[in-house]
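Reading through the structure tokens given below for one structure.
The values are calculated or read from the model by the stated rules, or taken from the named source; none is laboratory data. Please read all numbers here as calculations on a predicted model, not as lab measurements. Note that each Cβ is placed from the backbone with ideal geometry, even for glycine, and that neighbours are counted across all protein chains shown.
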Amino acid sequence: MKKSVVYILALFLTGSFMSCNNSENSKRGDLGALASSAAEKVYVAPGEHDEFYAFISGGFSGQLSVYGLPSGRLLKVIPVFSQDAEKAWGYNEETKPMLNTSHGFIPWDDAHHPDISQTNGKLDGRWVFINGNNTPRIAKIDLTTFETTEIIEVPNSAGNHSSSFVTENTEYVVAGTRFSVPVPQRDMPIKEYKGNFKGALTFISVEPEEGHMDIKFQLMMPGFDYDLAHPGRGKSHGWFFFSTYNTEEANTLMEVNSSQNDKDFIAAVNWKKIEEYVNNGGGKTMPANYAHNIYDDETHTATSIMKKEVLTVDPLEVPGAVFLLPTPKSPHGCDVDPSGEYIVGNGKLSADLTVHSYTKMMAAIENEKFDGEAYGIPILKFEDVLAGTVKQAGLGPLHTEFDGEGNAYTSFFISSEVVKWNMDTREVIDRKPCYYSVGHVMIPGGNSADPFGKYVLAMNKITKDRYLPTGPEVTHSAQLYDITGEKMELLLDFPTIGEPHYAAGIPADIIKPNSKKIYRLEENKHKHATLNNGDARVERDGNEVHVYMTMIRSHFTPDNIEGIKVGDKVYFHVTNHEQDYDVPHGISMIGANTSELLIMPGQTETFVWEPKQPGVWPFYCTDFCSALHQEMQGYVRVSPASSNIDLSWSLGED
Amino acid sequence: MKATIKLFVLTIFIAGFTACGNSNEAKVENVSANSEQASEERQGQAFVKDDVSEPTVLDIAIQSKNHKTLVAAVQAAKLENALVNAGPLMVFAPTDEAFNALPDGTVEDLLKPENENKLSHILKHHVTPGKYDKEFLKKFKKLGQASDLNVPVEVKGEDVYVGGAKIIASVPAGNGIVHVIDKVIIPQN
């Protein structure tokens with residue numbers, strides 16, 4: 001009896017599998033980890049490395065997170081536009097200038113769209129750029145140190161959203177304004193917006209050696225909202241495409257008033273043409289005021305300078321440089337495929353996707369097939385630039401990435417899914433749900449001529465019940481799908497920091513060999529570095545006291561200091577004398593109104609302490625550095641302001 | 001014992017055949033993972049247990065006595081998850097009576113699995129991204145629907161008509177608003 005039951009079961013099982021047209025793949029995809037090797041595919045054994053780095057924006061945290069894929073392990077959180085007590089970024093004296101702007105010290109921003117530098121259309125892994133949305137800034141993160149080394153403010157811009165995407169040789173990192181504003185800023189009635197406000201598209205040149213940024217020109221476009229952008233590549237290299245909404249130029253109740261036009265535009269900008277115009281003396285210099293902040297790896301110190309003018313270009317002065325491509329329903333993502341032929345408009349209030357053709361665009365321009373103009377800028381005829389439409393692909397398309405195999409992957413916010421479709425036939429191949437309400441998606445190298453189409457990462461806005469609850473505020477998430485098969489397969493679901501707006505991914509092998517291990521002590525050019533223990537000292541200059549201190553396993557030099565008075569402003573300039581990989585030291589002082597310092601081997605950092613009470617106050621190492629970490633401590637004696645105790649300092653003296 | 005075995009065999013049998021009838025959905029979970037794995041269309045935000053938040057547009061339709069056909073249609077078109085999205089979503093909800101007024105057999109026909117796309121298109125034609133009360137809707141000449149088509153907005157006296165259907169009641173929701181209408185809005189195409 002038992003045997004026959006088993007036999008019957010086996011028969012049915014076999015029958016049910018055999019009679020299906022479904023491939024094994026699609027079944028596995030639907031069943032997740034249970035029926036497939038999903039767990040194996042994301043398992044990176046202890047001590048092994050991930051295959052990809054993913055740089056995922058932290059949104060309103062102002063930071064950039066570094067994850068390994070496929071494991072989803074968090075490797076580092078890089079402070080960019082935020083003060084970070086963990087690393088003393090924005091708290092120590094060296095990095096405070098990095099957060100300087102024309103509005104003063106702004107220790108926060110809304111970090112949105114990381115993009116990795118490229119050479120010949122391929123990721124070169126030298127830098128990541130990311131935009132600060134709120135107080136318009138573009139930052140550059142150096143991928144040898146994984147630290148923010150440069151921030152440039154963008155004048156005449158507001159809501160720096162259509163940013164920070166690089167051209168195929170990193171000639172430019174581009175920053176388009178979301179809000180149009182009066183240029184120059186002035187006191188005027190809001191309702192006079194229409195026709196008077198301008199939308200600045202800023203082309204920031206990137207110097208090839210050190211990556212230093214400089215605003216080459218600002219293209220002063222009509223007062224629309226510029227949402228996202230991507231560069232042309234291959235045949236369309238030299239062009240840049242920007243999605244627009246609010247072509248109605250409404251200034252209130254935007255959810256109604258900026259959705260009146262059936263079509264907005266993708267603006268196509270021939271930056272090569274404008275570059276030539278500018279190089280020949282074109283454009284108009286206008287007064288401006290914006291910060292340019294650079295962190296130097298040798299001085300371990302940032303400087304901030306205010307720049308006082310910017311070159312602006314009126315699009316009408318450069319005929320043939322700017323055209324408008326009608327695109328339905330307030331397009332969000334504006335994505336260019338690896339070949340440079342297709343420009344995908346993700347009309348966020350639409351169910352369809354609009355795919356424009358670069359070849360058709362060029363033919364339409366040549367044949368002057370215009371459909372009117374907006375403020376003198378020619379509008380191309382929709383039908384003449386359209387390659388085709390992906391019909392009823394989902395609800396609320398936001399962003400499309402490419403696998404380099406002729407497929408595109410689009411996120412749909414409202415229907416909460418990733419949809420795979422074929423670039424040429426524009427037919428939907430597969431769809432997989434996201435949990436929940438996906439924003440952007442990322443394929444490593446997706447914004448390049450050469451994507452690595454192994455995974456797509458979906459970044460979700462809402463998680464609700466997906467993880468253990470943590471009160472009203474719950475984490476955002478990222479979900480990793482295997483895209484090597486015909487059907488996508490959900491592999492992993494992991495929490496993220498802040499709001500992961502956008503991400504850029506790259507094979508680890510491109511970056512890993514360049515990652516710095518230590519700073520060389522002999523190369524330390526910090527103004528207040530103490531390179532020899534014999535130079536450790538304390539100096540007084542009025543009520544300013546400078547402590548020149550060193551640290552090595554497991555003591556500070558000096559560790560006893562006397563002669564400090566209430567009312568003094570005490571600068572601790574601390575140099576880490578270690579020259580071993582991964583031996584940072586920290587320091588913190590009781591009552592210091594700042595964060596700890598976390599100092600890498602060979603580096604010098606400074607914090608300020610203003611003692612308010614007489615007494616003997618301790619300081620200690622905050623990073624577990626060694627077996628004698630708990631012994632790594634010292635005292636500062638603080639005397640009343642009226643005291644005449646001389647400065648003295650020592651280590652190991654009785 | 002015998003009965004259990006029979007039941008098990010029957011489950012396998014059904015599972016096997018169901019899987020074959022549907023090209024996209026694997027339903028072999030009865031065999032390998034009874035409780036762990038729900039099929040995909042039963043997952044998503046619509047199935048999050050939440051009894052404290054304001055009801056969504058979907059909750060409102062489900063709780064209504066007069067929208068049984070609409071709810072059945074939403075389920076048949078697998079649109080539950082879209083309707084609990086952050087939105088904001090404005091749903092024009094035809095009553096059961098409105099569906100009954102369609103030619104005989106129309107609803108039954110639309111509910112057939114092979115007509116899922118058609119049904120979905122019609123339902124999306126009843127959804128606008130946005131949240132406006134009846135009074136505010138008077139400012140509009142047209143609305144852009146999730147079907148990618150527009151519907152006209154007309155004001156006749158105190159009444160507001162959307163796509164020819166009259167708004168007879170309105171219920172605000174956590175993620176939008178439900179306007180109850182007296183007709184099904186059939187898309188032009």
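Brief remarks follow.
- Pair list, Cβ < 7 Å and 6+ apart or interchain, from segment A:430-457 residues that are without any contact (Cβ under 8 Å) to a residue 40 or more places away in the chain to residues that are surrounded by 24 or more Cβ atoms within 10 Å (Cβ to Cβ) and among the aromatic types (Phe, Trp, Tyr): A:Ser437/A:Phe413
- Pairs with Cβ under 7 Å, 6+ apart, first in segment A:389-410 and within 11 Å of chain B (Cβ to nearest Cβ), second at pLDDT 95 or above and part of a loop (DSSP other than H, G, I, E, B): A:Thr389/A:Arg426
- Residue within segment A:119-142 that is farther than 28 Å from A:Pro338 by Cα and hydrophobic (A, V, I, L, M, F, W, C) present: no
- Only listed residue being closer than 30 Å to A:Val428 by Cβ, in contact (Cβ under 8 Å) with a residue 60 or more places away in the chain and facing chain A (nearest Cβ under 10 Å), chosen from B:His121, B:His125: B:His121
- Residue satisfying all of: in segment B:76-107; free of Cβ contacts under 8 Å to residues at least 60 places away in the same chain and under 16 Å from B:Ile186 (Cβ atoms); nearest to the chain's Cα centre (by Cα) among these: B:Ala77
- One residue alone among B:Val57, B:Val71 is in contact with a Ser or Thr (Cβ under 9 Å, 6 or more places away or on another chain) and either buried (at least 23 other Cβ atoms within 10 Å of the Cβ) or more than 14 Å from chain A (Cβ to nearest Cβ) (or both), and that residue is B:Val71.
- Enumerated strands (runs of 3 or more DSSP E) restricted to segment B:71-189, each holding at least 1 residues that are over 20 Å from A:Glu417 (Cα atoms): B:89-94, B:142-144, B:150-156, B:159-162, B:165-173, B:176-181
- Pairs are defined by a Cβ separation below 7 Å, a sequence spacing of at least 6 or placement on different chains, a first member in segment A:619-645 that is on the phi < 0 side of the Ramachandran plot and surrounded by 15 or more Cβ atoms within 10 Å (Cβ to Cβ), and a second member that is among the acidic types (Asp, Glu) and in a loop (DSSP other than H, G, I, E, B); the pairs so defined are A:Thr622/A:Glu596; A:Gly634/A:Asp559.
- Enumeration of residues in segment A:217-271 that are free of Cβ contacts under 8 Å to residues at least 12 places away in the same chain and among the charged types (D, E, K, R): A:Glu255
- Filter result for A:Pro155 (part of a loop (DSSP other than H, G, I, E, B) and in contact with a helix residue (DSSP H, G or I) (Cβ under 6 Å, 6 or more places away or on another chain)): no
- On inspection, A:Glu539 fails the criterion of being farther than 30 Å from A:Gln479 by Cα, modelled with pLDDT of 95 or more and under 39 Å from the mean Cα position of the chain (by Cα).
- Flag: A:Lys381 does not match the condition of being without any contact (Cβ under 8 Å) to a residue 60 or more places away in the chain, of a type in the set (Lys, Arg) and either buried (at least 24 other Cβ atoms within 10 Å of the Cβ) or within 14 Å of chain B (Cβ to nearest Cβ) (or both).
- Candidates A:Gly340, A:Gly372 - the one that is part of a strand (DSSP E or B) and over 21 Å from A:Val438 (Cβ atoms): A:Gly372
- Residue that is nearest to the chain's Cα centre (by Cα), among those in segment B:166-176 that are surrounded by fewer than 23 Cβ atoms within 10 Å (Cβ to Cβ) and hydrophobic (A, V, I, L, M, F, W, C): B:Val171
- Of the residues making up segment A:303-357, those that are within 14 Å of chain B (Cβ to nearest Cβ) and charged (D, E, K, R) are A:Lys329, A:Lys348, A:Asp352.
- Qualifying residue in segment A:465-484 (condition: closer than 23 Å to B:Val48 by Cβ, of a type in the set (A, V, I, L, M), within 14 Å of chain B (Cβ to nearest Cβ) and surrounded by 21 or more Cβ atoms within 10 Å (Cβ to Cβ)): no
- Residue among A:Thr470, A:Thr484 that is farther than 23 Å from A:Asn131 by Cβ, in contact (Cβ under 8 Å) with a residue 24 or more places away in the chain and part of a loop (DSSP other than H, G, I, E, B): A:Thr484
- The set of residues from segment A:178-200 being buried (at least 21 other Cβ atoms within 10 Å of the Cβ) and under 17 Å from A:Asn289 (Cα atoms) comprises A:Val183, A:Ala200.
- Count of residues meeting criterion [over 16 Å from A:His161 (Cα atoms), more than 14 Å from every other protein chain (Cβ to nearest Cβ) and among the small types (Gly, Ala, Ser)] in segment A:218-275: 5
- Among the residues of segment A:438-465, those that are under 10 Å from A:Ser477 (Cα atoms) and either touching a Lys or Arg at 6+ places or on another chain (Cβ under 9 Å) or charged (D, E, K, R) (or both) comprise A:Val438, A:Ala458, A:Asn460, A:Lys461.
- The residues listed here are A:Gly505, A:Gly498, A:Gly446; of these, the one that is of a type in the set (Gly, Ala, Ser) and in contact with a Leu (Cβ under 9 Å, 6 or more places away or on another chain) is A:Gly505.
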